[in-house]
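Colleague: Below is the structure I would like to discuss, written out as structure tokens.
The values are calculated or read from the model by the stated rules, or taken from the named source; none is laboratory data. These numbers were taken from a predicted model, which means no experiment stands behind them. Please note: Cβ atoms are built from the backbone with ideal geometry, for glycine as well, and neighbour counts cover all protein chains shown.
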Amino acid sequence: MINPLLDISTEVKHALTKGLPIVALESTIISHGMPFPQNLETAQHEEGILKENGVVAATTAVLDGKIKVGLSEKELLHLAHSGPKIVKASRRDIPYLLSNKKDGATTVASTMIAAQMAGIPIMATGGIGGVHRGAMESFDISADLQELAKTNVAVVCAGIKSVLDIGLTLEYLETFGVPVIGYKTSELPAFYTQKSGFNVSYKMESAQEIAQMLKIKWGIPLQGGVLVTNPIPKAKELDFEIMHKAIEQALSEEKKLGITGKESTPFLLGKVKDLTSGYSLKANIELVYNNVRLAAKIAKEYVR
Ligand code: PSU
Ligand code: MN
């Protein structure tokens with residue numbers, strides 16, 4: 001029986017019944033992660049890349065009292081135009097939004113929930129939330145990490161952003177049994193840059209190897225997600241020192257302004273973009289495309 005609160009698009013439904021490869025895509029990256037119109041272009045191009053590769057795109061959101069899996073052109077436009085006016089919807093926000101028929105853009109955590117409900121095991125994004133710097137005081141640990149601990153979806157991302165405490169984020173993931181895979185790398189990528197100074201749990205050389213491990217994990221079954229980290233292409237990465245400075249400045253301005261909670265990640269991303277004259281946005285877009293390409297390969301191997 002299909003959950004009446006779940007609304008799966010015709011195309012995604014068809015793919016599910018035929019066993020075709022599908023990749024779920026989050027939507028907070030559209031509303032809060034990027035400005036208009038780059039957000040719309042990116043969202044459309046992500047879907048385009050999947051299509052070109054013979055994979056069905058399932059962008060998710062909470063709309064009209066339903067968890068939507070697979071959005072229409074009009075719905076994508078609505079999210080892109082709304083920007084931060086729409087609710088950034090993580091796990092805790094879903095019940096309220098559904099019961100009040102309010103719209104929300106899904107974070108990694110809530111996209112994993114939607115994907116699992118629909119039966120889609122792979123999703124792609126730019127970056128995940130993590131343990132924030134200073135979390136010992138603020139307790140700011142993204143709900144994405146708890147979701148990875150319990151929901152059976154593999155998340156393809158560009159590693160862990162250095163606005164976060166990378167070391168503590170890795171410790172948290174280890175405690176909750178989440179494997180951190182490096183695609184062709186043993187060093188964890190740090191979103192805008194290929195290197196972070198931290199190691200992944202395991203380096204894997206192919207999408208086939210990753211898909212096989214996912215099947216084994218969930219076949220045991222061991223509950224929970226897997227983080228697949230995919231370094232930004234060398235030619236697109238930002239200079240480490242410039243990035244480091246921009247992040248330090250963004251963090252100190254955030255502190256001065258007293259910004260906390262769910263506003264933190266969007267604020268930091270926006271600030272870093274301004275401080276790098278938009279270069280970080282360009283890199284962000286490129287790494288998203290790179291992740292969507294890898295997620296497509298894994299999804300194809302998974303259904304083989
Ligand atoms: N990182 C980015 N861009 C984003 C996000 C993270 O580079 O748009 C979004 C994702 O949706 C992620 C969320 O799931 O921020 C994490 O927010 P928080 O730290 O408040 O849980
Ligand atoms: Mn948070």
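Colleague: Hey, can you tell me all the residues within the range 201-246 that are out of contact with any Phe, Trp or Tyr (no Cβ under 9 Å at 6 or more places or on another chain) and under 24 Å from A143 (Cα atoms)?
Modeller: Of everything in the range 201-246, those that are out of contact with any Phe, Trp or Tyr (no Cβ under 9 Å at 6 or more places or on another chain) and under 24 Å from A143 (Cα atoms) turn out to be S201, Y202, K217, W218, P221, L222, Q223, G225, V226, L227.
Colleague: Moving on. Regarding the range 206-213, can at least one residue be identified that is touching a strand residue (DSSP E or B) at 6+ places or on another chain (Cβ under 6 Å), modelled with pLDDT of 95 or more and outside any loop (DSSP other than H, G, I, E, B)?
Modeller: Yes; the residues of the range 206-213 include at least one that is touching a strand residue (DSSP E or B) at 6+ places or on another chain (Cβ under 6 Å), modelled with pLDDT of 95 or more and outside any loop (DSSP other than H, G, I, E, B).
Colleague: Out of all the residues in the range 220-250, which are farther than 18 Å from V200 by Cβ and surrounded by 20 or more Cβ atoms within 10 Å (Cβ to Cβ)?
Modeller: Those that are farther than 18 Å from V200 by Cβ and surrounded by 20 or more Cβ atoms within 10 Å (Cβ to Cβ): L238, M243, A246, I247, A250.
Colleague: Shifting gears a bit: Sort through G134, G126 and tell me the only one that's touching a residue at least 60 places away in the same chain (Cβ under 8 Å) and closer than 19 Å to L268 by Cβ.
Modeller: The conditions single out G126.
Colleague: N152 is checked against (1) within 27 Å of E248 (Cα to Cα); (2) under 16 Å from the mean Cα position of the chain (by Cα) and fails just one. What number does that condition carry?
Modeller: (1)
Colleague: Looking at A114, A80, which is the one that is in contact (Cβ under 8 Å) with a residue 60 or more places away in the chain and within 26 Å of F36 (Cβ to Cβ)?
Modeller: A114
Colleague: Can you name every one of the helices (runs of 4 or more DSSP H) wholly within the range 112-194 that holds 1 or more residues which are more than 10 Å from ligand 1 (Cβ to nearest atom) and closer than 26 Å to I67 by Cβ?
Modeller: Where helices (runs of 4 or more DSSP H) fall fully within the range 112-194 and carry at least 1 residues being more than 10 Å from ligand 1 (Cβ to nearest atom) and closer than 26 Å to I67 by Cβ, they are 143-150, 166-175.
Colleague: Please find, among A211, A190, the residue that is in contact with an Asp or Glu (Cβ under 6 Å, 6 or more places away or on another chain) and surrounded by 15 or more Cβ atoms within 10 Å (Cβ to Cβ).
Modeller: When all the criteria are applied, what remains is A211.
Colleague: Provide a single number: the residues in the range 167-197 that are without any contact (Cβ under 8 Å) to a residue 60 or more places away in the chain and under 25 Å from N152 (Cβ atoms).
Modeller: 19
Colleague: Restricting attention to the range 256-293, report how many residues are charged (D, E, K, R), more than 13 Å from ligand 1 (Cβ to nearest atom) and under 30 Å from I22 (Cα atoms).
Modeller: Total satisfying the criteria: 2.
Colleague: Give me a count of the residues in the range 237-263 that are free of Cβ contacts under 8 Å to residues at least 40 places away in the same chain and in a helix (DSSP H, G or I).
Modeller: Qualifying residue count for the region: 13.
Colleague: Can you pull out the residues in the range 228-268 that are more than 16 Å from ligand 2 (Cβ to nearest atom) and of a type in the set (F, W, Y)?
Modeller: F240 - this is the single residue of the range 228-268 that is more than 16 Å from ligand 2 (Cβ to nearest atom) and of a type in the set (F, W, Y).
Colleague: So which pairs qualify, if the first residue must be in the range 30-54 and touching a residue at least 24 places away in the same chain (Cβ under 8 Å) and aromatic (F, W, Y), the second must be surrounded by fewer than 18 Cβ atoms within 10 Å (Cβ to Cβ) and not in a loop (DSSP other than H, G, I, E, B), the Cβ gap must be under 9 Å, and the two must be at least 6 apart or on different chains?
Modeller: F36/H81; F36/G83
Colleague: If L77 meets every condition in (1) aliphatic (A, V, I, L, M); (2) away from ligand 1 (no atom under 15 Å from the Cβ); (3) buried (at least 17 other Cβ atoms within 10 Å of the Cβ) apart from one, which number is that one?
Modeller: All conditions pass for L77, except number (3).
Colleague: Right, something else. Return the residues of the range 124-168 that are within 14 Å of ligand 2 (Cβ to nearest atom), surrounded by fewer than 23 Cβ atoms within 10 Å (Cβ to Cβ) and among the basic types (K, R); say none if nothing qualifies.
Modeller: Within the range 124-168, just R133 meets the criteria.
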